[in-house]
Amino acid sequence: MTRYLLRRLGQAAVVLFIVTVITFILLHLLPGGPARAELGVQATPTAIASFNRDHGFDKSLWTQYWTWLSELLRGDLGYSFKENSSVVSLLADRLPKTALLAGLAVLIAVVIAIPLGITQAWRRNTFVDYALTAVSFVLYSTPSFWLALILVLVFAVHIGALPAQAPQGSIGAVLSQPSGLILPVATIALLSIAFYSRYMRSSTMDNLTQDYVRTARAKGAGTRRILFGHVLRNAISPVVTLLGISLPFILSGTLITERVFNYPGMGLLFYNAAVTQDYPVLLAVTLVVAVATVLGSVIADVLYAVLDPRIRLVRS
C-alpha cells in the first residue's frame, strides 16, 4: 500500500507540473498581457515597455515560467496589483470560506443522497422510485446559476425568510451569520444530491443481485440488516471514488454560486481575477484547484482500498 501511495504521489507531482505549464502558457497568450490589464487601455507603448521591464515580462516565456516556479517552491505566489495584496494572503483569506461552503454542501448531499439512492434501488420501478428519479433528473439538468436565482427569488424576495447575499468579512463573520449560508449551501447541495443519489441507486441495484444478498435473505436477515449491514459498505465504494473525482465540478459550482450570492470565497476571487486579467491570482487559484483535484483522487483511492480489502491486496 505504501508503494502504491508513493507511486500515486509521484504521478500527482507530474500532473501538477503539466497543469502549471499549460495554465501559464495559456494565460500569457491572452491578448493585452499583464501590462495592459494593469495600466489600462490608455497606457502608452513606453509605459507598457517600462512595466514589462520592471516586472520581468520582457523576458522569454520559459524564463518567466521558471522564475515563477522557483518563487512558487519558496512559497511566493506573486503579488496582485488589482487587489493590492500578496496572492498568498488572498488565498489564506478566501480558501477557508470556500472550503466551508463546499464542505457543508458535500456533507449534506452525501448524508441525504445515500439513503435516497438505497430507497430508490430497494423500491425500484415503483412510484417512489419514479418520483425521486424525476426530481433528480430535473436538479441534475438545472444550471447552478439558475437554481441559485430561483432560490433567491423564492426565499429572499417573495418569502423574505433568508438574505439574498451571503455574509461578508472574515471566516468568523461568515460563521456568525448562518442564515446567510443557507441558500449558497442549498444550491450546491441540491445539485450534488441529484448527482450522488443516481450513482448510489445504480450501485445498490448491482449489489442487490449478488449472491451474498440472496444468502442473507435465505438465513432470514431482515431488510434493514441486508441494506445497511451488507449492501451499504459495498455499494458506497463507487460513491466514495466519485467524491474525489467530482471535486473540480463542485469547485466550479462554488464559482458560480459565490458570484450569484457575492460570497467572498475562491470562486468570486477567480471570477474577479478573470474579468480584470489578474494573472498571479488566476495562476494561484488554478494551482489550488489542481492540487485539490489530485489529492481528492488519491484520498478516494485510499478510502476505496479501506472499504474493499480486495482492492487493498491488489494495490499493496
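The values are calculated or read from the model by the stated rules, or taken from the named source; none is laboratory data. Since the model is a prediction, treat every value here as computed from it, not as a measurement. Reconstructed Cβ throughout: ideal geometry from the backbone, glycine too, with neighbour counts over all protein chains shown.
So the values come out like this:
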| quantity | calculated |
| --- | --- |
| Residue match in segment 199-216 (condition: out of contact with any Gly (no Cβ under 9 Å at 6 or more places or on another chain) and either basic (Lys, Arg) or not assigned by TED's automatic domain parsing to the domain that holds residue 102 (or both)) | yes |
| Any hit, segment 187-210, residues being outside any helix (DSSP H, G or I), among the hydroxyl-bearing types (Ser, Thr, Tyr) and closer than 30 Å to residue 292 by Cα | no |
| Helices (runs of 4 or more DSSP H) within segment 1-70 that include 2 or more residues modelled with pLDDT of 75 or more and either within 27 Å of residue 294 (Cα to Cα) or of a type in the set (Val, Ile, Thr) (or both) | 2-28, 45-55 |
| Filter result (of a type outside the set (A, V, I, L, M), part of a helix (DSSP H, G or I) and in contact (Cβ under 8 Å) with a residue 60 or more places away in the chain) within segment 77-100 | 93, 94, 96, 97, 98 |
| Residue in segment 101-121 that is over 24 Å from residue 186 (Cα atoms) and either of a type in the set (A, V, I, L, M, F, W, C) or in contact (Cβ under 8 Å) with a residue 40 or more places away in the chain (or both) present | yes |
| Residues located in segment 269-284, provided they are under 11 Å from residue 78 (Cα atoms) and β-branched (Val, Ile, Thr) | 281 |
| Top-ranked residue of segment 122-154 - restricted to ones that are aromatic (Phe, Trp, Tyr) and in contact (Cβ under 8 Å) with a residue 12 or more places away in the chain, ranked as surrounded by the fewest Cβ atoms within 10 Å (Cβ to Cβ) | 137 |
| Which listed residue, of 284, 292, 300, 274, is surrounded by fewer than 19 Cβ atoms within 10 Å (Cβ to Cβ), assigned to a helix (DSSP H, G or I) and either under 15 Å from the mean Cα position of the chain (by Cα) or at pLDDT 80 or above (or both) | 274 |
| Failed item, numbered, when residue 264 is tested on (1) part of a helix (DSSP H, G or I); (2) at pLDDT 80 or above | (1) |
